[in-house]
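First up is the structure itself, then whatever we jot down about it.
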């Protein structure tokens with residue numbers, strides 16, 4: 001993702017700014033009062049759709065863009081948008097369009113009105129996020145017919161007013177300045193992530209045990225051994241079918257609801273199904289459970305991980321089946337580009353918003369990232385299928401096979417990532433890569449599925465812990481976070497005892 005900040009232009013890490021109200025609330029164009037569409041109601045269509053269209057928490061309101069002004073590009077309007085209007089409450093915004101292969105070459109800006117106020121934010125930049133995320137070409141997910149082009153989502157907090165403008169970039173050709181055609185079917189997506197689950201695993205964790213790099217961790221007691229939430233059971237690497245194949249829904253205890261069985265399915269070797277978190281586990285305990293000699297030698301402590309159940313993922317939204325690759329060779333680090341205007345208590349809401357945006361708005365089978373990390377260092381399970389398994393994600397176009405994707409919530413082009421976040425990334429990558437005997441400081445050769453930066457079939461040498469920009473032409477994970485990856489690699493290797 002390009003390094004836009006989800007703040008007012010030129011101002012870093014601010015909350016919604018108070019401005020004089022340009023339009024009284026009653027003068028805003030009213031939002032249509034028609035019943036919600038399938039996307040609004042949270043009912044997925046296409047592959048994996050549930051037969052029962054039951055209402056689910058949260059909603060997505062989709063608003064078509066209209067021409068603004070008189071500026072034209074060859075064959076179309078060069079500026080489109082949504083006039084200031086009242087809408088149903090939402091907290092996250094993005095723009096989608098019909099053809100995922102089309103590029104939005106231009107700028108996207110939005111301003112919002114906080115719920116219960118009569119003031120508007122400043123104009124905020126939305127990351128245009130062209131083609132750099134998503135499933136690899138030729139996969140079932142990419143060829144499902146449901147995938148749309150989309151910007152990055154932007155977290156704006158509780159809002160009930162919105163205004164949007166999309167402007168085609170001015171470019172030069174042999175005839176002089178020109179404006180490229182905007183993609184067809186541009187729509188503003190307003191996402192309400194729904195209410196918080198009743199019992200979230202907070203206050204924020206520091207991911208005990210705090211095993212210092214290089215420190216001895218051969219014994220475990222109390223919370224360090226995971227006994228606070230039950231006796232640790234077999235970890236397992238969960239190496240699964242051939243690269244990119246889909247498997248049926250995994251079975252769980254019949255006494256649990258279907259949603260609870262699906263939530264964190266395949267984590268049964270880590271903690272009880274339906275649990276809100278997977279407890280931390282010491283290096284010695286992880287090593288004792290590893291069948292592979294190389295993995296046993298360089299096992300790392302398992303950090304505490306908040307499950308999909310813990311952050312409130314509604315499992316009826318996603319594709320029911322799971323996709324796996326054969327192993328995990330590398331980790332790609334991202335920033336979510338959703339901005340830094342969130343508290344750690346809001347992290348589950350941000351995740352639910354991203355999840356709904358990826359599935360309902362962008363047409364993906366599930367959230368794209370395998371893991372997420374917030375600014376307080378909390379680690380979250382991302383795409384369903386099991387945190388210890390090589391789940392096929394949709395995070396780094398061309399390099400999703402045999403890799404895992406980790407998104408740090410926020411925008412880190414001009415803002416330094418908190419130490420808690422980078423420490424959590426080091427702990428997570430040490431454990432996840434350690435399950436497969438991978439050295440965090442080494443190089444690995446990956447085969448591109450076609451990324452724009454590397455042609456399909458190209459064999460590319462990359463760091464075992466890479467930034468998104470290493471596999472695609474993008475600023476993601478932001479220059480400030482990218483600059484910390486050397487330290488992350490060193491720390492991760494030390495957690496493995498290297």
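If the Kirkwood radius is taken over C-alpha pairs of the stretch 99-152, then at 4 °C and 1.567 mPa s the Stokes-Einstein diffusion coefficient equals 96 µm²/s. Note: the stretch 330-395, Cα convex hull, 93 Å³ per residue. Compared with the alpha-carbon gap, the fully stretched path from residue 456 to residue 343 is longer by 36.7 nm at 0.36 nm per residue. Among 406, 367, the order by Cβ neighbours within 10 angstrom, fewest to most, reads 406, 367. Here the spin labels are modelled as points 7 Å beyond Cα on the Cα-Cβ line, and at residue 443 and residue 419 they lie 3.3 nm apart. Across all directions, the shadow cast by the convex hull of the stretch 266-418 built on its C-alpha atoms averages 9.5 square nanometres. Taking other Cβ atoms within 10 Å as a rough exposure proxy, 305, 77 sort from fewest to most as 77, 305.
Throughout, read-outs are computed from the coordinates displayed, never taken from laboratory work. All values derive from a computational prediction rather than experimental measurement. Methodologically, a virtual Cβ is constructed for each residue, glycine included, from the backbone with ideal geometry; neighbour enumeration extends over all protein chains shown.
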